[in-house]
Structure formats: structure tokens, C-alpha cells
1. Just to confirm my filter: which helices (runs of 4 or more DSSP H) fall fully inside region 170-262 and include at least 2 residues that are β-branched (Val, Ile, Thr) and modelled with pLDDT of 80 or more?
2. Take GLY132 and tell me if it is outside the structural domain of ILE313 (by TED's automatic domain parsing), in contact with a strand residue (DSSP E or B) (Cβ under 8 Å, 6 or more places away or on another chain), surrounded by 13 or more Cβ atoms within 10 Å (Cβ to Cβ) and on the phi > 0 side of the Ramachandran plot.
3. TYR555 - would you say it is at pLDDT 90 or above, aromatic (Phe, Trp, Tyr) and in contact with a strand residue (DSSP E or B) (Cβ under 8 Å, 6 or more places away or on another chain)?
4. Take the conditions outside any helix (DSSP H, G or I) and acidic (Asp, Glu) and apply them to ASP164. Does it pass?
5. TRP69: touching a residue at least 12 places away in the same chain (Cβ under 8 Å), farther than 17 Å from TYR307 by Cα and touching a Phe, Trp or Tyr at 6+ places or on another chain (Cβ under 9 Å), yes or no?
6. Starting from region 218-231, keep only residues that are over 18 Å from PHE151 (Cα atoms), then list their pairs with residues that are surrounded by 14 or more Cβ atoms within 10 Å (Cβ to Cβ) and of a type in the set (A, V, I, L, M) whose Cβ atoms are within a distance under 7 Å, requiring at least 6 positions of separation or different chains.
7. Going through region 469-528 one residue at a time, which ones are over 32 Å from the mean Cα position of the chain (by Cα) and assigned to a strand (DSSP E or B)?
8. Going through region 280-308 one residue at a time, which ones are buried (at least 17 other Cβ atoms within 10 Å of the Cβ), touching a strand residue (DSSP E or B) at 6+ places or on another chain (Cβ under 8 Å) and assigned to a helix (DSSP H, G or I)?
Amino acid sequence: MELSAHLQGILATLPAKPGCYLMKNAAGAIIYVGKAVNLRNRVRSYFHAEASHNNKTRRLVREIADIEWIVVGSELEALILEMNLIKQHRPRYNVRLKDDKRYPYIKVHWHEAYPKVTVTRQMINDGSRYFGPYTSAWAVYQTLDVLRKIFPYLTCDREINGHDARACLYYDIKLCAGPCIGAIDQAGYRQMIADLMSFLEGRSEEIVNRLTHEMQQAAEELRFEKAAALRDQLKAIHSIIERQKVIFGAEYKDSDVIAMARSDSEACVQVFFIRSGKLIGREYFVLDGTEDTPNTEVLAGFLKQFYTEAASIPQQVMLPEEIEETKIIQEWLRSRRGGEKVEMFVPKEGQPHELVQMAAENAAETLQALRAQWQADTHRQELALAELQSALSLPTPPNRIECYDVSHTQGVATVGAMVVFEQGVPAKRLYRKFNIDSTSIGAPDDFASMEEMLTRRFRRWQAAQQTQSQSPGAKIDESFALLPDLIIIDGGKGQLGRAIKVLETYGLHEKIPVIGLAKREEEIFFPHKSESLRLPRHSQALYLLQRIRDEAHRYGITAHRARRAKQGMASVLDAIPGIGPTRRKALLKHFGSLDKIKTASLEELTAIIPRTVAEMLQAQLE
């Protein structure tokens, strides 16, 4: 392979030290992150002995236009930096956890006097305890529903002092222990939450023994209501324990059992969690970027990313096969476990070996089920695109569809939303929002807002074309650099007309098909045609159009609300047509605060300002 002078210069100056390297393509995007004990030797190896590389590595090398490196002090530091860079940049040629940013955790707010239990998607160092990650938010909430019946934790925002006159409904239905009224003191409540955490860790024997003792003591002291409550709690705990399969004795080391199944470009990893000798749970994780990658590299990539996100590290990890980075990953896991030893090994016989085999079988079954689901989804998407091509008389299936919507409240905090679908699925990395300055277009005007948004979108396309022609390797925003195969305008003929006007300005009106989608009757409008089109009610094409339109609406509303909140309530009052300094002063003088204005009835507002202005004010403050 013939290297550019730029790459030759980089390879000549690489240091023979440990560190990380970031490979970039011609557009400046990071396409691969790696680590090395010796940066010079490792990076150079990509450009030598090409015949020994797999297809994936050969494709990677052909795309490399630039390389950056970061020198660190040790291989362990390189490992940690590599994991952080992969998580930050998600390079296409690295093995990556699919959708890892969305994995939920159970969070116990242990730093609070009366800890709550919530669901979060981010671990922060705030004194809380975390459990997870889980792959299904639904499973997390199901788990908490069960736990709350056994350990009725707080969910309200009351300030707890134990002297409230009345408890809430949750206390009456036994879903709260009632610390607000002193039904349980702080020590008792914290013990209950500690039991909940132990239960999540699979350590239930001590809880059962203590609650059994407390139940017997309450019965002896003739506190039969307390004894009955403890009896019910124990019964619920036993019903869950019975479902947990006992694998080893309670003295066995806490372990994660890991196995993998692969098919074509997909990989599925199954993890069994064994705590106190019991199988307390299992999760599966899907990996991207595994094509043409050896099993050992896929496993190593999974281990590094999973244990970066894991809330706890076990004493040992069982694997289906040896990996090259065992020693350095063990060293890293030991540091994550507070210096306690963590052993990674491949069991060769006995029950540990059978567990790995069982995990592999589960991974294979899960991957097969997922592939069937993906294939069904892909078939629906292909059918929808084909139907859309036929219905709209397009030359090819619309593989890139852009949809535009405008969101505001009475013209305030106007936001234009652009969503992009590729191959029938959302490409959220390409979504963009446009803050529309209402003062530049006068009174609330959806048509003008649509025109401004599209003008800015295609002005950026034009700029990207100029940049590419003048500097071929320059970094560009792919949201604007590519033209869509179809544009959907959320609205009727008025919005569609403005869209056509913009496309004509940039000479694109004959290149890009554009339609308007009216919400009331789901009518499709075409440029310069009086007749509209209604797709069959149950057609896949209509479902796709509705999904794209609804996604644009959701994205736009979310951005609008964020902008409106940022502006602040006072500026919102000033922005409402008909409310100037005098009326704003009168409103604040009469009601005393913005919060009271927000809760005022229409009649109360009409006593201060005209009814039409009051109606606009209410709409703005909803």
C-alpha cells in the first residue's frame, strides 16, 4: 500500500512508548481507537504484512488519512484511556456495546437520611449505590415493583421529620413504610433499604434469619399486627428466593459467567450473575463492529466496556476461551474492586464448565430470536420504502428521508425540527434543530418559519459542497452535506409552497421530491397539484410516514420546551402579543408571582387583561 507523505511522516515520528492511537478518515472522523505497549511497533504493523490482515483491518487501513496518539505512563493507563475514548467517539471499526448509553441502573440514594430508590441511566459519584446495568428498562421497573412490596421505600418528596399528621395513600396500601408519620424511625428505615440492597446482591439468608427472629419476638410480645406484617414480608422474600437457582454453596465466590454467540456480523454476549452461590439474574448484550473480528478480540472488547459500566465487580469471571489481555484486564478489575483480587479463567470441567456452556446456549437462542426480529423489522422497512416509492412515483426507494416541523407557543420560542430516517429507521445522529427568531419574521408565522429553516438547511448544504471542492479532506457535517431522497413537510399546501420556493432558490426543485403531510386526514399533498393522495389505512408506507412525522413533532416539541424554559417566565410574558410593560406590571401586582399567574383561571386573568390576551397567556404558560 502506498502511503501519503503525511502518514509517512507520522509513522516516522511515533514514540516507542505505551499509549493510545486514534485513526481518522479523510473527513476527520475517528474510525478506530487502539492501545499499545509500544506505539511505534503497533501502529506501523497496520501498514506492513497486509496479506496477514483480515478483511476488516484491510478496509480500516484503506480509510486511514490521519493518526493521532497519546502517550501514557503504563499499559494500565493505556487500557483505561482506550475505553474512555471508545465510549466517547464510538468509532465504527471498534467492537462496541450496542446502545450502551441507554442502559438503566437501579439507584439507591444512600447518602440521603431517608434513601429513595429510583431508576437512572448514569452513574455519578454522589454517595449513592448502583445496581446494573440492565438491558431492559421494563425489567428494572418490574423488579422495583416487586421489591417495593417487600421493602416499601419512599417515593414522595416530603421533608421527613416523623411528625406529619397524615400519611399518603401509599402508606395505606402498604407501599410505603410511613416514616413521615413516625411509623418507622430513621434507623429502621435505613435498615430496610440496606436489606433491599443486600437482596439485590443475592444475599438473602441474613435478611431471612433476622426477620424471622423479629417476627417471633413480636408474636411473643403480643404485637400480632407487626408479626403478621413480617410474616407477609418473609413470604414474599421466599417466593423470589425459590425462583433463584442454587448453583453452588453459599461460600462460593461471587462470579460472572460470560459466553458468546455469533452469526455473520452480529455478536450476542450472555452474562450470568452468581452471588452467594445462587444465579440471581442474567442479561444479554449485543455488540456492533464485530465483523471479521476474532472471538478473543470481541470478548476483550466486551469485557472492557461492560466492566466500565458495571456497578459492581465480582471476585471471579468465567470465560469461554482465553484472551490475550487477561493479565492487564485483571489488574484493571482489581483496581476497580478496591485492590481485591479478581480472577479471570476458562473452566475446563465440572459445574463451572457446564455454566459457561449454558450461557453459550442462552446467547445462541437470544441471538436467533433477535435475528428473527431484526429480519422481520427489515422486511417491514423494505416493504414500506417500496410502497412509498410506488405511491409517490419515485425513481428509487427513498433511503434517506428528511422531515421538517415547526413548534412554538403563540409564536414564542419557535423551533424548527429536522429529523432524518435512513433505510426506514431514525438516524438520530443526523437530527438538527433550528432556533427561529420570531422578531425577524414578525407575528407567529409557520410558513415563514418553515421557509427560514429550509433556507438555513440548504445554505449549509451549499457551503458543504464548496468546502468539499476546495478542501477534499476537510471535516463536514453529514446532516447537511447529503441531499435527501424525499422531503416530508409537516403541514398542508401553505408550508409545502414555502418549501418549493426554497428548493427553487437552490436549484433543487427537480432533484428532490417533496410532499406535505396534513395531520387531520393524513392527506399527502404534491407541489403544483390540487388533488391530494390518501394511502391505504393499513399500508406499511402510511405507517412509516406517520412514524417519521410523529418523530419530527416529538423532537420539535422537546426542543421548543427546552428553549421556552431557558427563556424564563418573565421573558415569556414580555413575548406574548398584547402584554407590554404596563399589563405585565398589573398582572404581577395583582397575583403577586409568576406561579400564581400560571395557576389563575381565565376569569381571573380577564379581570386584569383582555380575554384574547388572557387566552394567549394561558396557552403560553401551559
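The values are calculated or read from the model by the stated rules, or taken from the named source; none is laboratory data. Note that the structure is a prediction, hence the values are computed from the model and not measured. We place every Cβ from the backbone using ideal geometry, glycine too, and count neighbours over all the protein chains shown.
1. Hits in region 170-262: 205-220.
2. yes
3. It is true that TYR555 is at pLDDT 90 or above, aromatic (Phe, Trp, Tyr) and in contact with a strand residue (DSSP E or B) (Cβ under 8 Å, 6 or more places away or on another chain).
4. Criteria met by ASP164.
5. Spelling it out, TRP69 is indeed touching a residue at least 12 places away in the same chain (Cβ under 8 Å), farther than 17 Å from TYR307 by Cα and touching a Phe, Trp or Tyr at 6+ places or on another chain (Cβ under 9 Å).
6. ALA218/ALA227; ALA218/LEU230; ALA219/ALA227
7. Answer for region 469-528, where residues must be over 32 Å from the mean Cα position of the chain (by Cα) and assigned to a strand (DSSP E or B): GLU523, ILE524, PHE525.
8. Once the filter is applied, which keeps residues that are buried (at least 17 other Cβ atoms within 10 Å of the Cβ), touching a strand residue (DSSP E or B) at 6+ places or on another chain (Cβ under 8 Å) and assigned to a helix (DSSP H, G or I), region 280-308 yields VAL298, LEU299, GLY301, PHE302, LEU303, GLN305, PHE306.
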